[in-house]
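Before any comments, here is the structure.
The values are calculated or read from the model by the stated rules, or taken from the named source; none is laboratory data. Treat the numbers as computed from the prediction; the structure is a model and nothing was measured. Cβ coordinates were reconstructed from backbone atoms using ideal geometry, including for glycine residues, and neighbour counts include every protein chain displayed.
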2 protein chains.
Amino acid sequence: MKASQFLISTLKEAPADAEIVSHQLMTRAGMIKKLGAGIYNYMPMGLRVIRKVEAIVREEMNRAGAIEVSMPVVQPAELWQETGRFEKMGPELLRIQDRHERDFVIQPTSEEVVTDIARQEFKSYKQLPKNLYQIQTKFRDERRPRFGLMRGREFIMKDAYSFDKDRDAAQVSYQTMRAAYKRIFDRFGLQYRAVRADSGAIGGDLSEEFQVIAATGEDAIVYCPDSDYAANIEKAEALAPAQARPAAAQAMAKTATPGKSTCADVAELLKLPLQNTVKSLVLATDERNEAGDIVKTQVWLLLLRGDHDMNEIKVGKVPGLADFRFATVAEIEDHFGCQPGYLGPVNLKKPVKLVVDRDVAVMADWVCGANEADYHLTGVNFGRDLPEPELVADLRNVVAGDKSPDGKGELLIERGIEIGHVFYLGTKYSKAMKATFLAENGKPAEFEMGCYGIGVTRLPAAAIEQNHDERGIIWPDAIAPFTVVVCPIGMDRSEAVKTAAEKLHADLLAAGVDVILDDRGERPGAMFADWELIGVPHRVVLGDRGLQEGMVEYQHRRDTSATKVAVADVLGFITSRVQKS
Amino acid sequence: MKASQFLISTLKEAPADAEIVSHQLMTRAGMIKKLGAGIYNYMPMGLRVIRKVEAIVREEMNRAGAIEVSMPVVQPAELWQETGRFEKMGPELLRIQDRHERDFVIQPTSEEVVTDIARQEFKSYKQLPKNLYQIQTKFRDERRPRFGLMRGREFIMKDAYSFDKDRDAAQVSYQTMRAAYKRIFDRFGLQYRAVRADSGAIGGDLSEEFQVIAATGEDAIVYCPDSDYAANIEKAEALAPAQARPAAAQAMAKTATPGKSTCADVAELLKLPLQNTVKSLVLATDERNEAGDIVKTQVWLLLLRGDHDMNEIKVGKVPGLADFRFATVAEIEDHFGCQPGYLGPVNLKKPVKLVVDRDVAVMADWVCGANEADYHLTGVNFGRDLPEPELVADLRNVVAGDKSPDGKGELLIERGIEIGHVFYLGTKYSKAMKATFLAENGKPAEFEMGCYGIGVTRLPAAAIEQNHDERGIIWPDAIAPFTVVVCPIGMDRSEAVKTAAEKLHADLLAAGVDVILDDRGERPGAMFADWELIGVPHRVVLGDRGLQEGMVEYQHRRDTSATKVAVADVLGFITSRVQKS
């Protein structure tokens, strides 16, 4: 490719709404162009990256025995009504009516349509297992689209769906996909982790996310450096403390803590470790009648150690708390006789249901709010100042230094960006859609399903979050828009430079290298800045002076200086350095 | 590929709504599966064809210097309001509102978005010419979707848009695309014609359709076997007759023609050639005020020879008739004092505007309705029975045997399916969207544009309409789902057959041939019927008896019998017959 025949469009400044580096750099490098909130044109430079991602995904999906189909972007609502998702999903499901006022949706995923295909096509267990996948445009009407391709509304996703005759076979399909995902992400040349994820109502451990490690990631990933344990913080269990509760040593006392409404402020004032304080979180659950009206509200008090954070997924699994919400200030005042900031489990105005985190359950002589503004209690103890807790559960996010759930060391935490998900679905969709096949015993059975996604357009953004510097993007070879750029200095003035540059370009193309020749005639500074911003990993510079000595200059995007290479050797030098994808 | 690992799903019967052979065969061959009216799943077998079409299109677009981008499926209405198409387009433009009640459309094409890109990216004439293309999902909410992929609502289209600094340069871009289209359609291995098409309000000759020749085509194509003239019948000019009008020889007379309301019936009754009759077509045009109310209606009478058909495109170009409609029965009775079937230009009740086809203008002693039920006039003559016509124009479709407009012979007519269109747009969109660049003279100038479409998912349907027999599809090599099928007989019983089949499969794969091995264990009859239906062009059959003689059987899908080929020669035999795409 010659740059003069391509569309290279770099910007000095990032747009004002680009908060994260991948959004800034993809826009500045001319890879994407915003058309509306969360809706982007994939410009030629960006589309090359996306196509390379797609090609690797497709190759590995085919290798794993998955079969490519393509399901419509605009899907009739009927199927979505069969599973109830047409009604249940929020406004992120974009609903449309056609000219005849029939309801349609724009696919956010395709479980319904693929299950409809399966129930028509797979009549017998002999046809199973089958895995159907597509690489297709999706749309989710996010409330607050942001971060460029990281959380767009329109995006490209690879979604695969496996159909099996029983749970054991489904687990094999799951593991096959998991292995394919590892090959895919290995080929991308990114640092990533497969981490356990919450599997929601379906349960079991067959739900893993593939997370690209990046300091700017939205997800917290927990891992144990001494074992292969890794999980999303949503999922990672905080083990019950090994030690028993110490005996009470202090009497309970009320202490003035004027204006100190957080555990950290109180600990500082009282010169106590933060771990001696307990925070009170007030939740509520509503019981409704058939008409949807609230007939009863239960208020809950959760106790967590002052230095710990609540984990909403775990709290949602406490019996009775599946549909919890945070209590209103009115509800809090009604039960505690006090505004938030000074709450505690002692001296309640009205009874609440108490749920205590495992770590709080083993504390003695702790500090909590006194249910009176500007006052806290110290020396509080279970079994004396309040009853022994009946409901003890894991309510908190793990923190660095916690014991690994596999008992093999201590946990560390890093940030990640989810770019893939493998998920065992069970019979959730096949049951709802009466999707059955004839089993070996001659009776109809529901398909055991799995679903497997990769965010094709999110992946380049995640790669950039992980691989960039102050000058721009640093692409891994496998997904770079071009693998090599040939930069001639003064090509318009020097026939020798022109000839050598065009020969190298032609030789590299012939060797199967994805190379671009910058024949735009830009000055060296601007030319180098463009390619450093765009992030092409390998660069060769040719100039008159060097060529007179028979030399060109090679520099990897991560190198701090250039290497002189003899013209005669440069083809072999580069091809040996370029990663074969 | 092994058939056991693929999704092969053939049907004995076509669905009831499949009216045309491509729809029937694509459904029966398991290539598409209907999800809703005009909305189809592209099943694995069909998707392979579509991907091959895409690959050829992409390769030739890149070769022609076009640059691939990808524009969103969901597009903000604002840009469509700039050109007025948001309001002007009918309900085939699918309009949506997002969660914030902002208006969007699903792209039916992308002129607005690509022009928006151009006005931001192409600042100077030095950046021109540029051609941007995409291969993307489109949606048109057709009133009556039908014929499978031929007239679907959701479909895949390759749309390209050229941007040039002036009209001359735009013509060069147009010709470059035209040449690329010829290479593309040549590679598909289809019989096609590039025909002149109507260019609407823009005018000029730079509008051509690529039509796949097929008896079932919706379009009539006119061509001259003695020259390269070819045009859509909408566009093809009917030359003015060379001969002058003969002198009047008959007196005008009223004749009873009870119940004979068509020219054909009247000619038969009066034992006259149909060419001696004249048909009267009544149109109307409405003048509206700013509020959109009709303030004046003009009624028009068109005269065509009895054996000729009106051409609506040509009629729409007669001054004053751009927005014509057919007159209502009430309007007709008001002006002619008679119901349709017996109308004519003589003895009108109220004046109408008369437009006369060129062929009628040179007729003498003709027959037309008497404006009285069950009566016609004979021996009618211009200049005697009615005034000489003031407005004479080409109003009719050409017919076979008409002189070619290039003067080089006589025209023939065949049917075609439009699968591509190249179109010079001029400044229609750049003017509406104020899309300018800095011209060589330092002043802003509007882009000269062209647009170029290929119906990617329609093409396989068109290929089938042209290439099929009673057993199924006959794919050209370039776009066949598989080029070669290896059919072993009794693979489960014979180790020799299994070994030979798997070796041939592996050897063909290694030679770069797209081959499928049918290892499903079907009986020969069912197996052959499947592959004949699916239309794989090359078939090799291996059986125990043949292998004992060292022979296999080769048969092209068009062959009536098989050819014996020595096992040792079969690889070379096939690779020499398979068309390199």
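Quick one: is A:His468 closer than 22 Å to A:Ala562 by Cα, over 25 Å from the mean Cα position of the chain (by Cα) and in contact (Cβ under 8 Å) with a residue 60 or more places away in the chain? Spell out how you get there, then give the answer.
On the way: closer than 22 Å to A:Ala562 by Cα: yes; over 25 Å from the mean Cα position of the chain (by Cα): no; in contact (Cβ under 8 Å) with a residue 60 or more places away in the chain: yes.
Answer is no for this residue.
Looking at (1) closer than 30 Å to B:Arg28 by Cβ; (2) in contact (Cβ under 8 Å) with a residue 60 or more places away in the chain, find the lone condition where A:Ile117 falls short.
(2)
If you check A:Ser227 against the conditions, is it among the hydroxyl-bearing types (Ser, Thr, Tyr) and closer than 30 Å to A:Leu459 by Cα? Spell out how you get there, then give the answer.
Working: among the hydroxyl-bearing types (Ser, Thr, Tyr): yes; closer than 30 Å to A:Leu459 by Cα: yes.
Considered against the rule, which asks whether it is among the hydroxyl-bearing types (Ser, Thr, Tyr) and closer than 30 Å to A:Leu459 by Cα, A:Ser227 comes out as yes.
So if I check each of B:Val422, B:Val356, B:Val360, B:Val398, which one is on the phi < 0 side of the Ramachandran plot and part of a loop (DSSP other than H, G, I, E, B)?
Residue meeting the stated conditions: B:Val398.
Looking only at residues in segment A:90-109 that are aliphatic (A, V, I, L, M) and either within 21 Å of B:Lys34 (Cβ to Cβ) or outside any loop (DSSP other than H, G, I, E, B) (or both), which one is farthest from the other protein chains (Cβ to nearest Cβ)?
Within segment A:90-109, the match that is farthest from the other protein chains (Cβ to nearest Cβ) is A:Val105.
What is the one condition in (1) in the same structural domain as A:Gly455 (by TED's automatic domain parsing); (2) on the phi > 0 side of the Ramachandran plot; (3) modelled with pLDDT of 95 or more that A:Lys271 does not satisfy?
A:Lys271 satisfies every listed condition except (1).
Please verify whether B:Ala215 is in contact (Cβ under 8 Å) with a residue 24 or more places away in the chain, of a type in the set (A, V, I, L, M) and assigned to a strand (DSSP E or B), treating the condition exactly as stated.
Against the criterion (in contact (Cβ under 8 Å) with a residue 24 or more places away in the chain, of a type in the set (A, V, I, L, M) and assigned to a strand (DSSP E or B)), B:Ala215 does not qualify.
For B:Pro273, which of the numbered conditions (1) within 26 Å of B:Pro389 (Cα to Cα); (2) touching a residue at least 24 places away in the same chain (Cβ under 8 Å) fails to hold?
Every listed condition holds for B:Pro273 apart from (2).
Do you know which of the residues in segment A:139-171 that are touching a Ser or Thr at 6+ places or on another chain (Cβ under 7 Å) and either facing another protein chain (nearest Cβ under 9 Å) or without any contact (Cβ under 8 Å) to a residue 60 or more places away in the chain (or both) is surrounded by the fewest Cβ atoms within 10 Å (Cβ to Cβ)?
Ranking the candidates gives A:Ile156 first.
Hey, could you check segment A:188-200 for residues that are in contact (Cβ under 8 Å) with a residue 60 or more places away in the chain and either more than 24 Å from A:Ala478 (Cβ to Cβ) or touching a Gly at 6+ places or on another chain (Cβ under 7 Å) (or both) and say which is surrounded by the most Cβ atoms within 10 Å (Cβ to Cβ)?
Within segment A:188-200, the match that is surrounded by the most Cβ atoms within 10 Å (Cβ to Cβ) is A:Ala197.
I'd like the full set of residues that are within 17 Å of A:Gln171 (Cβ to Cβ), of a type outside the set (Asp, Glu) and assigned to a strand (DSSP E or B), limited to segment A:445-457.
Looking only at segment A:445-457, we keep the residues that are within 17 Å of A:Gln171 (Cβ to Cβ), and these are A:445-452.
Next cut, of a type outside the set (Asp, Glu) only: A:445, A:447, A:449-452.
Matches in segment A:445-457: A:Ala445, A:Met449, A:Gly450, A:Cys451, A:Tyr452.
Determine whether segment A:246-264 contains at least one residue that is assigned to a loop (DSSP other than H, G, I, E, B) and within 29 Å of the chain's Cα centre (by Cα).
So in segment A:246-264, the residues assigned to a loop (DSSP other than H, G, I, E, B) come out as A:246-252, A:257-262.
Retained after the next criterion (residues that are within 29 Å of the chain's Cα centre (by Cα)): none.
Checked against the condition, which is being assigned to a loop (DSSP other than H, G, I, E, B) and within 29 Å of the chain's Cα centre (by Cα), segment A:246-264 yields no hits at all.
Test A:Gly316 against the stated conditions and say whether it is surrounded by 15 or more Cβ atoms within 10 Å (Cβ to Cβ) and either touching an Asp or Glu at 6+ places or on another chain (Cβ under 9 Å) or within 26 Å of A:Asp402 (Cβ to Cβ) (or both).
no
Name the one entry in B:Met45, B:Met61 that is in contact with a Pro (Cβ under 8 Å, 6 or more places away or on another chain) and more than 8 Å from chain A (Cβ to nearest Cβ).
B:Met45
Residue under question is A:Val355, and the condition is that it be of a type in the set (A, V, I, L, M), within 22 Å of A:Ala253 (Cα to Cα), buried (at least 23 other Cβ atoms within 10 Å of the Cβ) and in contact with a strand residue (DSSP E or B) (Cβ under 6 Å, 6 or more places away or on another chain); does it hold? Step through it out loud before you land on a result.
Numbers: of a type in the set (A, V, I, L, M): yes; within 22 Å of A:Ala253 (Cα to Cα): no; buried (at least 23 other Cβ atoms within 10 Å of the Cβ): yes; in contact with a strand residue (DSSP E or B) (Cβ under 6 Å, 6 or more places away or on another chain): yes.
Here the answer is no, as A:Val355 does not meet what is asked.
Here are the criteria: (1) in a strand (DSSP E or B); (2) within 8 Å of another protein chain (Cβ to nearest Cβ); (3) under 28 Å from B:Glu446 (Cβ atoms). Tell me which single one B:Gln120 does not satisfy.
Unmet for B:Gln120, out of (1) in a strand (DSSP E or B); (2) within 8 Å of another protein chain (Cβ to nearest Cβ); (3) under 28 Å from B:Glu446 (Cβ atoms): (1).
Could you list, in sequence order, all residues of segment A:16-42 that are of a type in the set (Gly, Ala, Ser) and within 14 Å of chain B (Cβ to nearest Cβ)?
Once the filter is applied, which keeps residues that are of a type in the set (Gly, Ala, Ser) and within 14 Å of chain B (Cβ to nearest Cβ), segment A:16-42 yields A:Ala29, A:Gly30, A:Gly36, A:Ala37, A:Gly38.
Of everything in segment B:406-419 that's in a strand (DSSP E or B) and not basic (Lys, Arg), which residue is surrounded by the most Cβ atoms within 10 Å (Cβ to Cβ)?
The qualifying residue surrounded by the most Cβ atoms within 10 Å (Cβ to Cβ) is B:Gly416.
Each row is one residue, and each column tells you yes or no for (1) aromatic (Phe, Trp, Tyr); (2) surrounded by 16 or more Cβ atoms within 10 Å (Cβ to Cβ); (3) closer than 18 Å to A:Arg396 by Cα; (4) not assigned by TED's automatic domain parsing to the domain that holds A:Thr257.
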{"position": "A:Gln275", "(1), (2), (3), (4)": "no, no, yes, no"}
{"position": "A:Leu303", "(1), (2), (3), (4)": "no, yes, yes, no"}
{"position": "A:Phe336", "(1), (2), (3), (4)": "yes, yes, no, no"}
{"position": "A:Asn371", "(1), (2), (3), (4)": "no, yes, no, no"}
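Identify all residues within segment B:425-444 that are surrounded by 19 or more Cβ atoms within 10 Å (Cβ to Cβ) and either of a type outside the set (A, V, I, L, M) or part of a strand (DSSP E or B) (or both); write none if there are none.
Within segment B:425-444, B:Leu425, B:Gly426, B:Tyr429, B:Ser430, B:Phe437 meet the criteria.
Given the options B:Glu78, B:Glu87, B:Glu82, B:Glu13, name the one that is over 23 Å from the mean Cα position of the chain (by Cα), at pLDDT 95 or above, surrounded by fewer than 19 Cβ atoms within 10 Å (Cβ to Cβ) and away from chain A (no Cβ under 11 Å).
B:Glu82
Mind checking which residues of segment B:99-120 are acidic (Asp, Glu) and crowded, with 20+ Cβ neighbours inside 10 Å?
Scanning segment B:99-120 gives B:Glu111, B:Glu112, B:Asp116.
Name the strands (runs of 3 or more DSSP E) wholly within segment B:462-560 that hold at least 3 residues that are buried (at least 20 other Cβ atoms within 10 Å of the Cβ) and in contact with a strand residue (DSSP E or B) (Cβ under 6 Å, 6 or more places away or on another chain)? Outline the logic, then answer.
Working: elements: B:484-488, B:515-517, B:538-542, B:551-556.
Fully inside segment B:462-560 and qualifying: B:484-488, B:515-517, B:538-542.
If you go through segment A:64-74, how many residues are more than 7 Å from chain B (Cβ to nearest Cβ) and either in contact with a strand residue (DSSP E or B) (Cβ under 6 Å, 6 or more places away or on another chain) or without any contact (Cβ under 8 Å) to a residue 40 or more places away in the chain (or both)?
1
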